[in-house]
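J.: Submitted below is the structure of interest, expressed as structure tokens.
The values are calculated or read from the model by the stated rules, or taken from the named source; none is laboratory data. Keep in mind the model is a prediction, meaning the values are calculated, not measured. Don't worry about glycine lacking a Cβ; one is built from the backbone with ideal geometry, like all the others, and counts go over all protein chains shown. Areas reflect the complete protein model, heavy atoms only, side chains present, ligands, DNA and RNA absent. Shrake-Rupley method; radii C 1.70, N 1.55, O 1.52, S 1.80 Å.
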Amino acid sequence: ALAHPHARAALGLLSVLDPTGITRTLLTDLLDTVVEDHLTVDDADEVIGILARASLITFTADNTAVVMHRLIGRTLRETHPDPDEILTTAAQALQHALPGADAPPPPAGLVDDIAAQTLTLLGHPTHPDTSADVTQVATTVGIWLYRVGAYTAMVTINEQTLATRERVLGPEHPATLNSRNNLAGGYWAVGRHQDAITLNEQTLATRERVLGPEHPATLNSRNNLANGYREVGRHQDAITLHEQTLTTRERVLGPDHPDTLQSRNNL
């Protein structure tokens with residue numbers, strides 16, 4: 001099987017992806033990115049067929065998804081000279097496969113597939129540098145899920161991304177704080193307003209302490225929390241925060257900066 005020029009790349013991808021399966025369509029897109037050879041569906045099917053005949057993969061009952069047994073995937077990862085490289089490659093390919101902003105609404109199956117592959121990649125133990133690559137792609141996936149209205153999947157991805165960054169980078173790292181902010185946005189989208197406010201309050205307090213009260217990220221957190229207070233009827237608290245944010249943005253960014261104008265509009 002490894003004699004085929006693209007079989008090794010396919011095995012590497014499958015060894016770090018969801019062991020319950022990946023659709024042929026998404027696998028074709030990932031493989032096309034990895035081999036940089038403009039694969040057609042027929043080309044990808046040829047590779048998949050070779051791996052199946054070698055008993056390295058099987059198919060789901062409806063024949064639409066490819067499955068690699070967990071033990072085979074684990075063996076491939078453990079015997080690879082650089083398993084972190086496989087993870088980074090798979091994550092980057094997944095990001096490349098995301099439909100663009102002007103693409104038509106994706107089918108539900110693609111949304112579920114991308115979410116499942118992202119969660120699997122996040123679940124692998126990695127070197128901190130590789131973890132940074134994977135969590136950055138997961139962040140991008142979360143933004144895409146929000147854009148297509150898959151809010152529940154977005155929350156799941158954002159929760160796992162935050163947990164990974166807290167474990168690898170610590171609770172006060174800027175990337176961790178970004179993830180906490182993103183998760184708060186996800187909670188708002190699914191109606192978990194108090195959870196969102198709690199996260200926004202934590203993020204603001206930490207950014208004020210770590211980055212300073214006038215850092216752009218701190219000002220964004222203050223703005224987000226003010227918007228949250230407004231949504232739940234805490235109008236005076238919202239006004240106070242918006243006044244503080246506007247005053248600081250006028251001084252730091254100038255009266256005509258887009259962020260300043262946003263604060264003036266919010267107030």
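J.: Filter segment 223-241 down to the residues that are of a type in the set (A, V, I, L, M) and buried (at least 21 other Cβ atoms within 10 Å of the Cβ) and list them by number.
T.: LEU225, ALA226, LEU241
J.: Within segment 45-63, track down each residue that is hydroxyl-bearing (Ser, Thr, Tyr) and open to solvent by 70 Å² or more (accessible area, probe 1.4 Å).
T.: Correct list: SER55, THR58.
J.: Counting only residues that are farther than 19 Å from LEU14 by Cβ and outside any helix (DSSP H, G or I), which one in segment 107-164 is least open to solvent (accessible area, probe 1.4 Å)?
T.: ALA150
J.: Right, something else. Name the residue that is farthest from the chain's Cα centre (by Cα), counting only residues in segment 26-40 that are of a type in the set (Ser, Thr, Tyr) and closer than 13 Å to ALA97 by Cβ.
T.: Per the criteria, the residue is THR28.
J.: Of all residues in segment 62-88, count the ones that are touching a residue at least 60 places away in the same chain (Cβ under 8 Å) and within 15 Å of LEU30 (Cβ to Cβ).
T.: 2
Matching residues to (1) closer than 16 Å to ASN181 by Cβ; (2) touching a Phe, Trp or Tyr at 6+ places or on another chain (Cβ under 7 Å); (3) outside any loop (DSSP other than H, G, I, E, B):
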| residue | (1), (2), (3) |
| --- | --- |
| ALA205 | yes, no, yes |
| GLY212 | no, no, no |
| ASN227 | yes, no, yes |
| ASP237 | no, yes, yes |
| THR240 | no, no, yes |
| GLN244 | no, no, yes |
| ARG251 | no, no, yes |
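J.: On to the next question. Kindly establish whether THR23 is touching a residue at least 40 places away in the same chain (Cβ under 8 Å) and not aliphatic (A, V, I, L, M).
T.: yes
J.: Taking PRO171 as the residue in question, decide whether it is farther than 25 Å from VAL141 by Cα, outside any helix (DSSP H, G or I) and without any contact (Cβ under 8 Å) to a residue 60 or more places away in the chain.
T.: no
J.: Just to be sure before I move on: is HIS193 under 30 Å from PRO81 (Cβ atoms) and surrounded by fewer than 21 Cβ atoms within 10 Å (Cβ to Cβ) in the structure I sent?
T.: Spelling it out, it is not the case that HIS193 is under 30 Å from PRO81 (Cβ atoms) and surrounded by fewer than 21 Cβ atoms within 10 Å (Cβ to Cβ).
J.: Write out, first by first residue and then by second, each pair whose Cβ atoms fall under 8 Å of each other, whose residues are 6+ apart or on separate chains, and whose first residue, in segment 240-267, is on the phi > 0 side of the Ramachandran plot while the second is surrounded by 13 or more Cβ atoms within 10 Å (Cβ to Cβ).
T.: GLY254/THR260
J.: Go through segment 2-60 and give me each residue that's of a type in the set (S, T, N, Q), assigned to a loop (DSSP other than H, G, I, E, B) and within 15 Å of ASP113 (Cβ to Cβ).
T.: The first filter runs over segment 2-60 and keeps only residues of a type in the set (S, T, N, Q), leaving 15, 20, 23, 25, 28, 33, 40, 55, 58, 60.
From what's left, assigned to a loop (DSSP other than H, G, I, E, B): 20, 40, 55, 60.
Answer for segment 2-60, where residues must be of a type in the set (S, T, N, Q), assigned to a loop (DSSP other than H, G, I, E, B) and within 15 Å of ASP113 (Cβ to Cβ): THR20, THR60.
J.: Any residue in segment 187-209 that is over 27 Å from MET154 (Cα atoms) and of a type outside the set (Asp, Glu)?
T.: Yes.
J.: OK, next. If ASN220 satisfies all but one of (1) closer than 25 Å to GLY170 by Cα; (2) open to solvent by less than 50 Å² (accessible area, probe 1.4 Å), what's the number of the condition it fails?
T.: Condition (2) is where ASN220 drops out.
J.: Still on this model: Within segment 27-52, track down each residue that is touching a strand residue (DSSP E or B) at 6+ places or on another chain (Cβ under 9 Å) and closer than 18 Å to ASN63 by Cα. Even if it seems obvious, please write down each step before you answer.
T.: First, the residues of segment 27-52 that are touching a strand residue (DSSP E or B) at 6+ places or on another chain (Cβ under 9 Å): 27, 30, 48, 51-52.
Listed by number, the residues that qualify are LEU27, ILE48, LEU51, ALA52.
J.: Report yes if ASP42 is at pLDDT below 90 and open to solvent by 50 Å² or more (accessible area, probe 1.4 Å), otherwise no.
T.: On the way: at pLDDT below 90: yes; open to solvent by 50 Å² or more (accessible area, probe 1.4 Å): yes.
Here the answer is yes, as ASP42 does meet what is asked.
J.: Name the residue that is least open to solvent (accessible area, probe 1.4 Å), counting only residues in segment 253-267 that are within 24 Å of THR198 (Cβ to Cβ) and assigned to a helix (DSSP H, G or I).
T.: Result: SER263.
J.: Suppose the filter is open to solvent by less than 10 Å² (accessible area, probe 1.4 Å), closer than 23 Å to PRO83 by Cα and under 26 Å from the mean Cα position of the chain (by Cα); does VAL16 pass it?
T.: For VAL16, the condition - open to solvent by less than 10 Å² (accessible area, probe 1.4 Å), closer than 23 Å to PRO83 by Cα and under 26 Å from the mean Cα position of the chain (by Cα) - is met.
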